[in-house]
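The next block holds one structure in the form of structure tokens; read it before the comments.
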There are 2 protein chains.
Amino acid sequence: MIELSLVGIGTGNPDHLTHQGVAALNAADVILIPRKGDNKADLAELREALCAAVVSNPTTRIVHFDMPVRDSADANPAHYAAAVNRWHDAIAEIWHAKIRAHVPHEGKLALLVWGDPSLYDSTLRIAQRLKLRLALQVSVVPGITALQALTGAHAIPLNDINAPVTITTGRRLREHGWPASADTVAVMLDGECSFRHIKPAGVRIWWGAYLGMPEQLLLSGPLADVAPHIVQQRQTARAAHGWIMDTYLLRRAT
Amino acid sequence: MIELSLVGIGTGNPDHLTHQGVAALNAADVILIPRKGDNKADLAELREALCAAVVSNPTTRIVHFDMPVRDSADANPAHYAAAVNRWHDAIAEIWHAKIRAHVPHEGKLALLVWGDPSLYDSTLRIAQRLKLRLALQVSVVPGITALQALTGAHAIPLNDINAPVTITTGRRLREHGWPASADTVAVMLDGECSFRHIKPAGVRIWWGAYLGMPEQLLLSGPLADVAPHIVQQRQTARAAHGWIMDTYLLRRAT
């Protein structure tokens, strides 16, 4: 039996790590760390620094694997889902090879998952594929999500009293507009400033990039006023750092 | 200036605490802990045990305060909001008195917030009231939410690929039915098994109570099959422990 622990590590602040996360990393025989060539957005260095800071078990080994490249984005939603599925298949294949090489019979693996394994993350789906090939037990250690890092940094509640919140993606916001059943919308996986597709009257935005990291950027205010500043800051920061991760909350007056 | 740190502590597993949370508690002059008479659901003992386990600063003091009683639930949503507002006013009044007594001029306060301060929690709104009365700086330390503890315990993703999720309350689910814009709905603050008001065909449920605690209960499956078991387990567990906290995820086939 292989035990695979998916450890949520939060959003770039090493102090987001929980005691449970530290224990799971120290219980692992092997910690798998992804690399995407020389892409800074793979955050391999941050994952390695985090392991160096908290892993004290001398028998725990770090093993790197190269992330396959995903087919470039396709506007057709059906094609998009198929491309994501093929990508997950390819990653599962690579994990399988690493497990056979490093933990051939039984043992404990850990993967450091950005944010929390439950939220817009593919690790659980990839692990599901592995279950078809080997005796695998998957456990999840919750971590701080980008949404919590965002609301925490702005010191705001996610929801209004007794009110719902919809979490969605930039792509969905562009294609479907404001979700029908909530006046608060949290947007993730948005590389295209999709808030520009929303009518800004009566809408406030709370935006954050590099949340939890020293580079953290925050902007908030009426969408009409703040949107151009976000677009500009995002462009400047992305150029300066070579990558960006950001998320935002939209709330409309009721 | 008074600095108030709202520290998310997760859902009852002391190991949900982050390094950032431990640091914030140790930086505090005073940690405020609520008590609700002899109500076990105040979890005062758990908060005290948590402080005893991680607070090593000898100058940090624990100060208790009595939570006021909220007017009993009213079916009229307008009355409900007013009752919640009066309750928050009353709590702000009590915090103010404790601050004047224990940190009269300047200093650092911390409050241990169940889950995360952003999600269906009133602490940020109460702190906002205090800002009208004294020079107060509020910071938030994110914590693991019940939703993450739920998806983590079931080892499932919250969202489908590129799909939205609506987080709502039991009351909203009863009054408004299934939210229009998402096939995944996370339900919180539900003391009435409101999933019984949903047509169960094609719907799966993942339910959890006492998440992260030794008493943790989990049930999942087709809503039609599992709903009666949840109602029964909930009743039995509540009678046995004197209180219950639970949450669940509903997903309908697309």
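The values are calculated or read from the model by the stated rules, or taken from the named source; none is laboratory data. What you see is a predicted model; the values in this text were computed from it and never measured. Backbone-built Cβ (ideal geometry, glycine too); neighbour counts: all protein chains shown. Protein only, heavy atoms only, side chains kept; ligands, DNA and RNA dropped before computing areas. Shrake-Rupley method; radii C 1.70, N 1.55, O 1.52, S 1.80 Å.
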| query | What are the residues in the stretch B:124-158 that are out of contact with any Pro (no Cβ under 9 Å at 6 or more places or on another chain), charged (D, E, K, R) and either closer than 30 Å to B:LEU250 by Cβ or outside any helix (DSSP H, G or I) (or both), if any? | reply | B:LYS131, B:ARG133
| field | Counted residues, the stretch A:195-237 - those being open to solvent by 30 Å² or more (accessible area, probe 1.4 Å), among the hydroxyl-bearing types (Ser, Thr, Tyr) and assigned to a loop (DSSP other than H, G, I, E, B) | value | 0
| field | Scope the stretch B:142-176; condition at the interface with another protein chain (Cβ under 7 Å from one of its Cβ atoms) and over 21 Å from B:MET245 (Cβ atoms); matching residues | value | B:PRO157, B:ASN159, B:ILE161, B:ASN162, B:PRO164
| query | Any residue in the stretch B:20-30 that is modelled with pLDDT of 95 or more, open to solvent by less than 30 Å² (accessible area, probe 1.4 Å) and assigned to a strand (DSSP E or B)? | reply | yes
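Is it the case that B:GLY115 is surrounded by fewer than 18 Cβ atoms within 10 Å (Cβ to Cβ), more than 9 Å from chain A (Cβ to nearest Cβ) and touching a residue at least 24 places away in the same chain (Cβ under 8 Å)? Before the answer, list the steps.
Numbers: surrounded by fewer than 18 Cβ atoms within 10 Å (Cβ to Cβ): no; more than 9 Å from chain A (Cβ to nearest Cβ): yes; touching a residue at least 24 places away in the same chain (Cβ under 8 Å): yes.
For B:GLY115, the condition - surrounded by fewer than 18 Cβ atoms within 10 Å (Cβ to Cβ), more than 9 Å from chain A (Cβ to nearest Cβ) and touching a residue at least 24 places away in the same chain (Cβ under 8 Å) - is not met.
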| field | From the options A:LEU43, A:LEU17, residue that is of a type in the set (A, V, I, L, M, F, W, C) and either without any contact (Cβ under 8 Å) to a residue 60 or more places away in the chain or within 14 Å of another protein chain (Cβ to nearest Cβ) (or both) | value | A:LEU17
| message | I need the full set of residues from the stretch B:125-137 which are at the interface with chain A (Cβ under 10 Å from one of its Cβ atoms) and buried (at least 19 other Cβ atoms within 10 Å of the Cβ), in order please. | response | B:ALA127
| query | Any residue at all in the stretch A:91-110 that is within 21 Å of the chain's Cα centre (by Cα), closer than 28 Å to B:ASP116 by Cα and surrounded by 15 or more Cβ atoms within 10 Å (Cβ to Cβ)? | reply | yes
| Hey, any hits in the stretch A:58-78 for a residue that's part of a strand (DSSP E or B) and among the β-branched types (Val, Ile, Thr)? | yes
